[in-house]
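Just below is one structure, and these are the notes that go with it.
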Amino acid sequence: MKVVSVLNRKGGVGKSTIACQIARGMQLREKEVLIVDTDAQGTASDWAESGGEDTPLVVKIDRATLEDDIPKAGKQYDVVIIDGAAKAERMNVSAVKASDLVLIPLQPSAVDIWPVKETVELIKTRQEVAGRPQGAFVVSRAVTGTNLASSIEDVLSGLELPLMTARTHQRVAYPEAMGRGVGVMDLNGREKAAREVESMTSEVLELLNQQRPVVT
Ligand SMILES: Nc1ncnc2c1ncn2[C@@H]1O[C@H](COP(=O)(O)OP(=O)(O)OP(=O)(O)O)[C@@H](O)[C@H]1O
Ligand SMILES: [Mg+2]
């Protein structure tokens, strides 16, 4: 079982969208996937409720003890994906402890360095103790045709975590899929979004496969 968290203290950056969409992407590749919804807003839970049998299972956990709860709740799954909440420091500390990989979504138009730094610090502190999790930035809701380089790379330089190649762009397919409880891959005529989620799913699985066992 591998655990992936999607965390950013800032609200509305695309955490739930990425968590649910890559969960569906993994499920389409025959992985057993569980989503853990740590957000009282319940975006991931609402998504699953709108969906059908093919939507990954979502469980809510509202205690900041994910490092104890997930090994039990997620035992029979290949991948557990934690949908983080905004402004939830204790929960995020616990998510980092429970994780093999932490994705930090960033909206390029509104990169807010402080919440990102906070998540990076949590990852680094945990790495010193436990040798994991890995962390990676992922661009979310990029606007087609705009140049990311200047805005994003300035902000991220010095934070020492990689930026994933896969990203999402601002597309109506995402809210549409979230409202229907499905993946963008399940919609007709949404190939661009589908390809983005497929690339992101592949990259996340590669990152998880590259991990060496932690020596304790
Ligand atoms: N790639 C995208 N294209 C278009 N809209 C998007 C995209 N990603 C997310 N959104 C929309 O942006 C809003 C915020 O996204 P989402 O709920 O995934 O963010 P979040 O980080 O989980 O927010 P919160 O901090 O409130 O939990 C939602 O209305 C969602 O449908
Ligand atoms: Mg959310």
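Bear in mind these aren't lab numbers, they're just calculated from the coordinates by the rules spelled out. Quick caveat, the model's predicted, so the values are computed rather than measured. Backbone-built Cβ (ideal geometry, glycine too); neighbour counts: all protein chains shown.
Things to note:
- With each label modelled as a point 7 angstrom along the Cα→C-beta vector, the residue 76-residue 31 pair spans 1.9 nm.
- Per-residue 3J(HN,Hα) values for segment 157-163, derived from phi via the Karplus relation 6.51 cos²θ - 1.76 cosθ + 1.60 with θ = phi - 60°, read 4, x, 8, 6, 10, x, 9 Hz in sequence order (x marks Gly and Pro).
- Note on the chain: antiparallel DSSP beta bridges, both residues inside, total approximately 0 percent of the bridges counted.
- With loop membership from DSSP and a limit of 16 other Cβ atoms within 10 Å, the longest segment of the chain without GluC sites (Glu not before Pro) is 54-159.
- Percent of C-alpha pairs per 10 Å bin, the chain, short to long: 9, 38, 39, 14, 1
- The aspartates and glutamates whose alpha-carbon is closer than 18 Å to the alpha-carbon of residue 72, local same-chain residues fewer than 8 away aside, are 32, 37, 62, 83, 100.
- Choice from 183, 84, 11 with maximal GNM fluctuation in the chain (Cα, 10 Å cutoff): 11
- Proxy reagent accessibility, fewest Cβ within 10 Å first, across 1, 91: 1, 91
- Taking every DSSP helix (H) stretch of at least 4 residues in the chain, weighting each as -39,500 (n - 2.57) and dividing the sum by the residue count yields a mean residue ellipticity at 222 nm of -13000 deg cm²/dmol.
- Neighbourhood charge, 13 Å Cβ-Cβ cut-off, centred on residue 190 and excluding it, Lys, Arg +1 and Asp, Glu -1: 0
- In sequence order, calculated HN-Hα J values of segment 175-182 (Karplus, 6.51, -1.76, 1.60; Hz; x Gly/Pro): x, 5, 5, 5, x, 9, x, 10
- Counting all C-alpha pairs of segment 77-187, share separated by more than 25 Å (%): 28 percent
- Structure remark: mean-square fluctuation, Gaussian network model of the chain, C-alpha springs under 10 Å; the largest value among 156, 34, 103 belongs to 156.
- Each of residue 93 and residue 130 was given a label point 7 Å from its Cα along the Cα-to-Cβ line. The distance between the two points is 1.3 nm.
- Order of 18, 123 under a 10 Å beta carbon neighbour criterion, fewest first: 123, 18
- Ranked 174, 77, criterion: other C-beta atoms within 10 Å, fewest first: 77, 174
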